[in-house]
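Trainee: Supplied in structure tokens, the structure appears directly below.
The values are calculated or read from the model by the stated rules, or taken from the named source; none is laboratory data. Just so we're clear, the structure is a prediction, and the values are computed from it rather than from any experiment. In this analysis, Cβ positions are derived from the backbone assuming ideal geometry, glycine residues included, and neighbour counts consider all displayed protein chains. When the accessible area is computed, the model is the full protein with side chains, heavy atoms only, and any ligands, DNA or RNA have been set aside. Shrake-Rupley method; radii C 1.70, N 1.55, O 1.52, S 1.80 Å.
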Amino acid sequence: MIGKRRVVAIITAAGKGERFSSNQNLPKQFIRLNNKPVILYSLLTFQSCKLIDDIYVSSSKKYFDLVGQIVFKNKITKLCSIVEGGKTRFDSVKNVFRKIHAEKNDLILIHDAARPNINISFVEGLIKEAAKFGEVVPAISISDTIKKEKNNYVAETIDRNNLRLVQTPQVFRYNFLKKSYTKTRSKNFTDESSLVEKAGFKVRIVEGLLNNVKLTNKNDFELLKSLLK
Ligand code: CTP
Ligand code: MG
């Protein structure tokens, strides 16, 4: 709760992690990283975060039991439900959103299970910003030079000053997210911020964490291993 508003967290864990492992292995969000399943890092952070009331997890049916076991073993008492994911991340989140009972001003926090390196103060900071400003996303500046490519040649150098790399958790007011789903038809969004922007609402940018790495490739695995030591 923040003031009189409930805070509901959605963890997206219904992906197959194809860039991480092309064979039919356990998806990256469930593999062990320093002896904890990747998804458990986010579950534990949200469980300990006093501002968060409920947790929903989106997963493919195949892994419902596994998620249930992880939740039970680690006393994640805030878990309300595990919801079947969809074809894309966007569909997975939407499936969960439909199941949530919330008041219009409640806050919905959406987070990728594949981003284990978050902490309570970061999450609380985002919730507090959302309570003040409405919709918020964490993002970081880019230090490399950015170029557009065409047929293996540089097509253009892009001014990086206004560019940001966007992360999760992203926090939205329930009614604004709801309105965005009904207003916007397109489904090709890689995050919910894109949907909310498209619906015409303002999304505030909050400083992200440099080490809030999304486990995508094998390289990230080694990096996260040392960061989470
Ligand atoms: N996700 C999801 N449902 C999907 C696809 C992705 O819930 N249909 C989740 C993933 O489990 C992950 C997060 O969204 O926690 C970010 O997606 P990404 O890093 O792209 O994971 P995958 O889609 O699983 O990986 P890849 O794109 O390499 O296959
Ligand atoms: Mg993906």
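Trainee: Using only the Cα atoms, work out Rg/Rh for region 151-199, with Rh taken as the Kirkwood radius, to two decimals.
Mentor: Taking Rg over the Kirkwood Rh, I get 1.14.
Trainee: Run the simple label-point estimate for Thr190 and Leu227 please: 7 Å along Cα→C-beta, distance reported in nm.
Mentor: The answer from the label model is 1.7 nm.
Trainee: Then there's this: Give me the Kirkwood hydrodynamic radius of region 167-229 in Å, from all C-alpha pairs, to one decimal place?
Mentor: Radius from the Kirkwood sum: 13.8 Å.
Trainee: Compute the Kirkwood hydrodynamic radius of region 1-91, taking the inverse of the mean of 1/r over all pairs of distinct Cα atoms, and give it in Å to one decimal.
Mentor: The answer is 13.8 Å.
Trainee: In Å and whole numbers, how far do the C-alpha atoms of region 96-143 stretch along each principal axis, longest first?
Mentor: 40, 26, 20
Trainee: Could you tell me what percent of the DSSP beta bridges with both partners in the chain are antiparallel, to the nearest 5?
Mentor: Around 40 percent of the beta bridges assigned by DSSP in the chain are antiparallel ones.
Trainee: Right, something else. Mind pulling the per residue volume of the convex hull built on the Cα atoms of the chain? Å³ is fine.
Mentor: 142
Trainee: Distance between the C-alpha centers of region 17-46 and region 79-121? Whole Å please.
Mentor: 17
Trainee: Could you work out what % of the accessible surface of region 38-101 is carbon and sulfur, using a 1.4 angstrom probe and leaving DNA, RNA and ligands out of the count?
Mentor: 55
Trainee: Just the accessible area per residue of the chain, please: how many Å² with a 1.4 Å probe?
Mentor: Averaged over the residues of the chain, the accessible area is 55 Å².
Trainee: Suppose R0 equals 22 Å. What FRET efficiency, 1/(1 + (r/R0)^6) with r the Cβ-Cβ distance, do Asp65 and Asn119 give to the nearest 0.05?
Mentor: According to the calculation, E is roughly 0.15.
Trainee: What is the P(r) of region 68-161, as percent of Cα-Cα pairs per 10 Å bin from 0?
Mentor: For region 68-161, the binned pair fractions read 11, 28, 33, 17, 11, 1 percent.
Trainee: Please compute, over every Cα-Cα pair in region 115-183, the percentage with a separation greater than 19 angstrom.
Mentor: More than 19 Å apart: 55 percent of the Cα pairs in region 115-183.
Trainee: Would you please name the trypsin sites (Lys or Arg not before Pro) within region 29-112 that are DSSP coil residues with at most 15 other C-beta atoms within 10 Å of their C-beta?
Mentor: The qualifying sites are Lys50, Lys75, Lys87, Lys104.
Trainee: Something else about it: Taking only DSSP H segments of four or more residues, each worth -39500 (n - 2.57), what value at 222 nm results for the chain once the sum is divided by all its residues, to the nearest 500 deg cm²/dmol?
Mentor: -9500 deg cm²/dmol
Trainee: While we're here: Need the full-extension length gain, Thr216 to Ile31, defined as separation in residues times 0.36 nm minus the C-alpha distance. One decimal, nm.
Mentor: Full extension from Thr216 to Ile31 adds 65.3 nm.
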